[in-house]
Every structure is written in structure tokens, then in C-alpha cells.
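Single-structure report; data block below.
The values are calculated or read from the model by the stated rules, or taken from the named source; none is laboratory data. It should be emphasised that the depicted structure is a prediction, and the values quoted were computed from it without experimental measurement. Virtual Cβ from ideal backbone geometry, glycine too; neighbours counted across all protein chains shown. Surface accessibility is based on the protein's heavy atoms, side chains included, excluding ligands, DNA and RNA. Shrake-Rupley method; radii C 1.70, N 1.55, O 1.52, S 1.80 Å.
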Amino acid sequence: MNIYEQLGIKTIINAHDSETIWGGSRMPQEVIQAMADSSNYFVRIQELEKRLSEEIAKLTRNEACFITSGAAAGMVLSVAACMTGDDSDKIDQMPNLDGMKDEVIIHRSQRNGFDQAVRQTGVKLVEIGDKSGATLSQLEAAVTEQTACIVYYAGAFEKNALPIEEVTAFGNERSIPVIIDAAAQLPPVENLWHYTEMGADLVLFSGGKTLRGPQATGFILGKKDLIKACQLNGSPNDSIGRPMKVAKEEMVGLYTAIKRYLELDHEQIRNEQEESVQRIIAAIDGLREDVDAKRLYPGPHGQHYPRVEITFRDGDLAQTLSEQLEDGTPSIFTRYRPARKSITINPLHLTTEEVTLVIQQLTKYLTS
Ligand SMILES: *Cc1c(COP(=O)(O)O)cnc(C)c1O
């Protein structure tokens, strides 16, 4: 029996995406092995972090890197870094912001649950624009003496916002740091250097999504001075980041996962995903006249991979199907989209065998 069976916990087939609440992703054997190997030794944790960060920066064509306990932790440290710099009194004073720049500019249209990580530092959010967009003059007008940085969410959030290039050009010109949350923006692999090449000062990624590193890891890429300030605000220093520590095993696992990801044949992976999508569509096509299955692109957060969207004439049936799949054995998690009367199936974390199981369950519920 595996550990979950011993515990009486039902495992999930993840046809949704990389989601923290459903266990993130699967670590490849070489990542698990590297973590196990690293566990046998004691090491100076700051020396290890520095060395691995140098390697990750080199691999991702960036000036510098800091390893974090996730992208959300990366946001806390990045915002803190923009306020404190390398001033040890200010770092110690956090989250009391007396005497520090304490305003962060954000698009109204990009407000989302993850911005708690920005607010956690105690800053005030200064919103620009509305739900449908913002203008450069609104960005201009939002700047005050107290502006610490601009936070921007990449991917699907770009839709109703100023283009990244305009925001980074503005920030660079005014010497206001621009932080980009790119937590889920892989693939394409080029995004590891794309945003910093576009002028972003700090860019955050998750280690436990498409990269398939340890779930409780992430990293910040960007400018040397600000990365240094992130490191000073981070564990193991007595600082705001001390509760966000990263273990040696996780650091080594993340590094191994990034190195592996860069060496993967991304075209082949993409072909396999397209094949899974076509298999599922072919299996459903023609099953019922009130159901339509088609390829959907890109991924839920704008990632470069395809999905299947199954649309119902009657939206209630989409909800019923998603519940049947979730409650069934095996339990399959999909994404129910009420507004589109559909569910989506994402091949990202499905093995070939799991695609077969998904097809079996879909066929069963759609024909009963
Ligand atoms: C997943 C995600 C996060 C959180 O990442 P963690 O690595 O789980 O901390 C933050 N922002 C966005 C946009 C995300 O998609």
C-alpha cells in the first residue's frame, strides 16, 4: 500500500493544472534522488544558497537569483527588498514601515488573491485603471515620493493591463523597480529570461508547477542589488522572510529541476500534449449531440500548452459532469467554467495511462 492508501486518503488524477491545493506537481526521479543525496550531509546553508543561485542565474541568463519557499514568498521578499535595500535597520524594522517608501502600484485589473503576498509587507496598494485596462498617464499620476515599486502579473493577467514593455520602460526611466509575478509562466522556457530582458528588475517563478521541483520552492531572478536585498530579507537571517525558509534538500531539488527543465525536449513534450488532447477529443466526438469537444489554447494562466474544452448546451450538465468525475473512482479533477458551460481537461500532469482513465470515465458519464 502506498502512504495515501495507508492513511485512507483518496488520490486525485489532476486534469486541472499545477495547483497547490491538489499537491502541486510530480517530482521526477532525478529530483527526488538529488534531494535524498543532499540530505545525508550538513552544509553551510547560505553558502549552498549562494552557489546554487549563481548556477540558476547562469542557466537562466540572469544577473542574479535568490531561492525562495515559493513564488508568493518571492513576492514578499521582493517588495521588502524594494523598501529596505541593504539597510540593516530597515530590514530589522519590517513590517513597521515608518520612514520607508510604502506604496506599491498595481493595475486594478490585476488584483487577485496572490496580492496578499504584496500587502503582507504592510504596504498600501495604489491601483491604476479599472477592470478593462489602464493608461500610461494613470501610471504616471500614481507615482508619489512614497512609491516603492510597481507590481505586475504576467500571463492571462496581461489582457486588461498596460503591456509589460511600457511598464518596465516607465519604471526604468523613473528608477522605480518593476516586479513581475511570473509564477506559472512556463512554458515557454524562454520566459526564464524574457521578462528580465524586457527590463523587469525582479521576476518570480514557482518551483513546484511546470518545473516539477519541490512544491515549496520558488525563485527570484533579476538585478544584483535588489536580489542581494531579497537575500538579506530572507531566511536564515532574522528578518521578515525567516518563516519562509528553504531546506537544503529543497534548494538542491529546485536546482536539479531547473537544470532538467532546460535540457528537456520541449517540442516532444508539446507533441505528446497535443496527442493527449486529440485522443480525448476523438473519444468524445459524436458521443452526444448536445456536447462539443475542442482544443483550447493557451493554458489557464496563459501557459503555452493546449487543453480540451468540453462544452454543453445545458450548463448544468457541465457542472454535473465535473462533480461525477471528481466523486468517481478514480477521482478526476477538471476545471468547471460556468460562464462557458464547459469543463476543461489539461494534459500537463496526465500520464498516458491517466489519459486512458480520463477517457474511460468521460465516456461512462457522458453515455449514462
Ligand atoms: C501559483 C501562483 C503564485 C504562488 O506560487 P507559490 O509558488 O505557490 O507560492 C503566485 N502568483 C501567481 C500568479 C501564481 O499563479
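Quick rundown of the values:
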item	result
Hits in region 12-32 (condition: assigned to a loop (DSSP other than H, G, I, E, B) and either within 20 Å of Ala257 (Cα to Cα) or hydrophobic (A, V, I, L, M, F, W, C) (or both))	Ala15, Asp17, Ser18, Gly23, Ser25, Arg26, Met27, Pro28
Selected residue (criterion: nearest to Ala293 (Cα to Cα)) from residues of region 326-348 that are small (Gly, Ala, Ser) and open to solvent by less than 70 Å² (accessible area, probe 1.4 Å)	Ser342
Options Tyr305, Tyr255; residue that is closer than 30 Å to Phe42 by Cα and either without any contact (Cβ under 8 Å) to a residue 60 or more places away in the chain or open to solvent by less than 60 Å² (accessible area, probe 1.4 Å) (or both)	Tyr255
Breaking point among (1) away from the ligand (no atom under 16 Å from the Cβ); (2) more than 30 Å from Leu321 (Cα to Cα); (3) not polar (S, T, N, Q), for Gly213	(1)
Total residues in region 44-67, condition under 17 Å from Gly234 (Cβ atoms) and either open to solvent by 60 Å² or more (accessible area, probe 1.4 Å) or within 16 Å of the ligand (Cβ to nearest atom) (or both)	10
Criterion (of a type in the set (Gly, Ala, Ser), open to solvent by less than 10 Å² (accessible area, probe 1.4 Å) and in contact with a Leu (Cβ under 7 Å, 6 or more places away or on another chain)) met by exactly one of Gly208, Gly171, Gly234	Gly234
Single unsatisfied condition, Asn40 versus (1) part of a loop (DSSP other than H, G, I, E, B); (2) more than 23 Å from Gly199 (Cβ to Cβ); (3) open to solvent by less than 50 Å² (accessible area, probe 1.4 Å)	(3)
Helices (runs of 4 or more DSSP H) wholly inside region 68-164 that include at least 1 residues being within 16 Å of the ligand (Cβ to nearest atom)	71-84, 116-119
Pairs with Cβ under 6 Å, 6+ apart, first in region 313-326 and closer than 17 Å to Asn14 by Cα, second at pLDDT 95 or above and assigned to a helix (DSSP H, G or I)	Leu321/Tyr365; Gln324/Tyr365; Leu325/Gln361
Cβ-Cβ under 6 Å pairs, at least 6 apart or on other chains, region 339-368 side at pLDDT 95 or above, far side open to solvent by 20 Å² or more (accessible area, probe 1.4 Å) and of a type in the set (Phe, Trp, Tyr)	Ile343/Tyr336
Selected residue (criterion: surrounded by the fewest Cβ atoms within 10 Å (Cβ to Cβ)) from residues of region 216-231 that are part of a strand (DSSP E or B) and within 11 Å of the ligand (Cβ to nearest atom)	Gly218
